[in-house]
Amino acid sequence: MTLIKALLRGALLFGMLAVGTAAHADLNDGYGVAVGKPLTWGLEAWTGQPGLNGKWPHYIITFDVNGTVYKAAVDMSTSNSTSQIRHREISLPNIGFPCSVCPSSNIFSLPDGWKALPYNDDAGAATGGALDFLRSPAILTMLENNPWKNTSDDENLIQYFPNNAAPHQYQVPLWDGYFNLGVKRIYVFGEPFTSGYGVHNIHQNQGDPAEGGHAYANGIYQDGAIVIEFNQQHVLQTRTGPYYWPNRMILMTRFAVQQDYTKDMANSSSSYYGWPGTPTVDQKNAQNAASGGWKWYGPYTAHQIEIDVSNTAGRPAIYVKYGSWPALDSYSAQADTRDGRAYLRLYNTSGQQIYVGVNACCGVPASWDYKATYLQ
């Protein structure tokens, strides 16, 4: 961090405290990735009462970094409510991560250790290896049919096991299961500790509202996450044949209060990068088409857009094109129905209009509810 940047962040934060207005300062102590070998993992001892004695639950991972024990602390709930954290667990490709157009940021070739990365408005932030859940091309590609989880109790990360001895009745079985498969290395993205060795702010670090007390840390290309690298590719036998467990998986989280549409160079000054935007919603329920038929939506003038087709019957599939009607490009993105829903998210840097088509696929008629949420 340069001296000028540090002074500016301090001045912005002081102004925010002094006059009660929001100001942007991004992560105060830097951003990067710590790489090492996991030692222990699990939910810290917890009573099940958020805020009890000032303590909210964290998933704690200790990991060895060249003989030094580091700690990763992942928030599991929102500090001012009982709401558990939103989460995604997504298989990673072996190449092209975290940015499919970033050949200089081969994160998986890093040796064990801490590596500071450019972030937010730093030069090279978009191509230097930093994560952005709303902008990184490889992440957005992986989000096809992977919306945030935690819309019901069975999607909560923290689960209650009454037969366990207190204070270990609360566990995170999903994440525990991943680590128990055998993990070779982990890559922990976030903000470094200022005392001791470790990483925190391992969650989305943008979209916090001005009134929530955390907006000062909003920024782009500075999201926190954990990538786990398995010892080997595990094979699970299923009724339809072998399923090969991925070699790597990313664990992503965000708080319920955080917005998924945030400002950047397209619609804001750098002082407000990562601050919540005000998206527009286009919702049309009870849509239908005969077998092979289409419904078209748009055009949308947007640089962030999320398409959600839900309550489906049949096999509706989403297709996206850019350009001016009828001279559109070939399909630029596509998502098929899975478990009654088709979902994708795009970050449009072309400046072109976006058209969305829903097709009744696979020889059967289809019906669906349609929702597009977008930010200009």
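Summary table below
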| item | result |
| --- | --- |
| Residues being in contact with a His (Cβ under 9 Å, 6 or more places away or on another chain), in a loop (DSSP other than H, G, I, E, B) and within 19 Å of residue 72 (Cβ to Cβ) - total across the stretch 151-176 | 1 |
| Among the candidates 153, 122, residue that is modelled with pLDDT of 85 or more and of a type in the set (Asp, Glu) | 122 |
| Number of positions in the stretch 192-225 that are closer than 20 Å to residue 88 by Cα and among the charged types (D, E, K, R) | 2 |
| Criterion violated by residue 144 - all others in (1) more than 23 Å from residue 38 (Cα to Cα); (2) assigned to a helix (DSSP H, G or I); (3) touching a strand residue (DSSP E or B) at 6+ places or on another chain (Cβ under 6 Å); (4) not hydroxyl-bearing (Ser, Thr, Tyr) satisfied | (2) |
| Any hit, the stretch 10-28, residues being at pLDDT 50 or above and buried (at least 18 other Cβ atoms within 10 Å of the Cβ) | yes |
| Test result for residue 312, of a type in the set (S, T, N, Q), out of contact with any Pro (no Cβ under 8 Å at 6 or more places or on another chain) and at pLDDT 95 or above | yes |
| Selection count where residues are crowded, with 19+ Cβ neighbours inside 10 Å and without any contact (Cβ under 8 Å) to a residue 24 or more places away in the chain, scope the stretch 123-143 | 0 |
| Some residue of the stretch 239-249 being closer than 27 Å to residue 60 by Cβ and part of a strand (DSSP E or B) | yes |
| Top-ranked residue in the stretch 331-376 [being part of a strand (DSSP E or B) and among the aromatic types (Phe, Trp, Tyr); ranked as surrounded by the fewest Cβ atoms within 10 Å (Cβ to Cβ)] | 347 |
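The values are calculated or read from the model by the stated rules, or taken from the named source; none is laboratory data. This one's a predicted model, so the numbers in the text were calculated from it and none came from an experiment. Cβ coordinates were reconstructed from backbone atoms using ideal geometry, including for glycine residues, and neighbour counts include every protein chain displayed.
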